[in-house]
Structures are given as structure tokens and as C-alpha cells.
DNA sequence: CATCCGTGGGC
DNA sequence: TGCCCAAGGAT
């Protein structure tokens, strides 16, 4: 849930989710469509599908127990380098570098004196952070959580609060006078994109506990070609299934 | 490896 | 108002 979504928005959904599905096998026992609906408006609903698939894999392949090694966690749907290491460190106390967007920004600023441009962490980043990790695994996990919090609350992207930062007097970026990033990764456009259209369609289906007519879904945009393409892609992604001979669409069973 | 994939709050 | 960005991952 936290992949690309702020903590404050995740929290209420997470609490309801864990009350309904306290264990992987509980989630796996319900339909992927139930997961997508409970996901509500967290965005990127494919994550709900993957979380359900991960719960199924844990139930079927791992006896219902969440794997504790980074290597095995990486085999789960929707679990990449960040999530695998976050689980290993925070749930199981492993000593492994955890690099999210916050840690990457702090590392880049403090150690290299350069503002990061919101790129994914590399193996080189993990090696660098590894040299800074405390030796004791439990301390290393706390260190990672602390750096993430520092990045989220103090060393933020737009308006860093350097006056409140415990690392300000040893931060290369701060000491260099906050040099601007060399190149900023282009922000993806939003208006008129398939993502926007898909989002409108999914909102309609989430709000309706039955099936939604194809014509109603296609009406979310004037662009008929885009509407068809977007609806087809939702089916291809497994987020929707056709009902009533293709005249309507519903969440997957 | 570049691109795609939602949603909403802050400024 | 419009732009930026947020505990990334899959293809």
C-alpha cells in the first residue's frame, strides 16, 4: 500500500484491511475483486491484485507463513527490491539496506552533496548504504526507519527543514548551499491519459456492487478509441472481467 | 531501460 | 490554478 502512496492516506485503509484479513490465507480465501474494492481509492489498483496474488502464493507455496529472506520475498507478486528489504528488516530484523525515495534523497544529499532526481535505487546505492548501516541487525533496521522518517518529515523534496535536521552540520548538500538538481526526471502527464480514463472506469465499478454496463464505462470520455483501449487494458490487467456476454463489466471473482 | 500504472494534498 | 510528488514494480 505504501508503494508511491503517502502514509497518512494508507493508514485508515490498512487498519480496515488488517481487521478484515489478518492473515495471508484469509485474504487468499476471498476474491481478488474483494481486494480491489477494499483498496478503495489508494490508486494503482493493480497493487491490490498483486497483494492478493502474493497472499495466495504465501498460502499455497509457503504454508501460510510470510517468507523472511529477501531472495524468497522477491519471488512474490508486487514485491520488488524496496519492499522485500523493508519486510526483511522491519518485520524480521534482518540487516539489509532499505532504500525508498526518502532514503535515496537523504543519501544523495548528505553523502554526495547532490539533490536526487527521484530515480529508483540501484545496487550501487545499496552497497553505499550498506557501509553506513550499523553492525547490529536490530539497530540497522531502526537506522533505516529513522532515515526514512528523516527524509519524509525533515529532508523533504520540496521544502527541506534543514534548521531542524540533526545532520545539517555534516550534510554536503546543505554545506554547499542547496545546489539544484542537474536534471529533474520528467513528471508523467496526467490530463487526457489512459490512466485517468482507467481511474474513472474503476471508480464506477468499485461504487457498484454488481456489474456496470459497457456503454456506461465507455462514456467516461469523449474519445471512443481511448475509451475502448482503456477498458480493454483493464480486462487484460485482470482488474475487470466481462459479464453478460460482454455487455457489462465487474470486478474479478 | 523507458514507460506505464491512480489518487489526492501541498504550495 | 497548475504543477509536484508520494514507504515502487512490472514489462
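Out of all the residues in the range A:226-250, which are at pLDDT 95 or above and on the phi > 0 side of the Ramachandran plot? If the condition is that a residue be at pLDDT 95 or above and on the phi > 0 side of the Ramachandran plot, then A:238 is the only one that fits. Can you tell me which residue among A:151, A:177, A:199 is closer than 13 Å to residue A:110 by Cα and out of contact with any helix residue (DSSP H, G or I) (no Cβ under 9 Å at 6 or more places or on another chain)? After applying the criteria, what remains is A:177. Looking only at the range A:198-209, decide whether some residue is closer than 19 Å to residue A:118 by Cα, more than 12 Å from DNA strand B (Cβ to nearest atom) and assigned to a loop (DSSP other than H, G, I, E, B). Checked the range A:198-209: no residue is closer than 19 Å to residue A:118 by Cα, more than 12 Å from DNA strand B (Cβ to nearest atom) and assigned to a loop (DSSP other than H, G, I, E, B). Checking A:236, A:152, A:163, A:181 one by one, the residue that is within 13 Å of DNA strand C (Cβ to nearest atom), over 30 Å from residue A:49 (Cα atoms) and not assigned by TED's automatic domain parsing to the domain that holds residue A:44 is A:181 and no other. In this structure, is residue A:66 at pLDDT 95 or above, under 30 Å from residue A:130 (Cα atoms) and surrounded by fewer than 22 Cβ atoms within 10 Å (Cβ to Cβ)? Here the answer is yes, as residue A:66 does meet what is asked. Note on the range A:24-39: residues that are surrounded by fewer than 16 Cβ atoms within 10 Å (Cβ to Cβ) and touching a residue at least 60 places away in the same chain (Cβ under 8 Å) total 1.
Scan A:215, A:227 and give me the residue that is outside the structural domain of residue A:32 (by TED's automatic domain parsing), more than 8 Å from DNA strand B (Cβ to nearest atom), assigned to a helix (DSSP H, G or I) and surrounded by 15 or more Cβ atoms within 10 Å (Cβ to Cβ).
Numbers: A:215 fails: surrounded by 15 or more Cβ atoms within 10 Å (Cβ to Cβ).
Residue meeting the stated conditions: A:227.
The set of residues in the range A:77-95 being assigned to a loop (DSSP other than H, G, I, E, B) and either within 14 Å of the chain's Cα centre (by Cα) or touching a residue at least 40 places away in the same chain (Cβ under 8 Å) (or both) consists of A:77, A:78, A:79, A:80, A:93, A:94, A:95.
The values are calculated or read from the model by the stated rules, or taken from the named source; none is laboratory data. Here the structure is a predicted model, which is why all the values come from computation and not from measurement. Cβ atoms come from the backbone with ideal geometry, glycine included; neighbour counts cover every protein chain shown.
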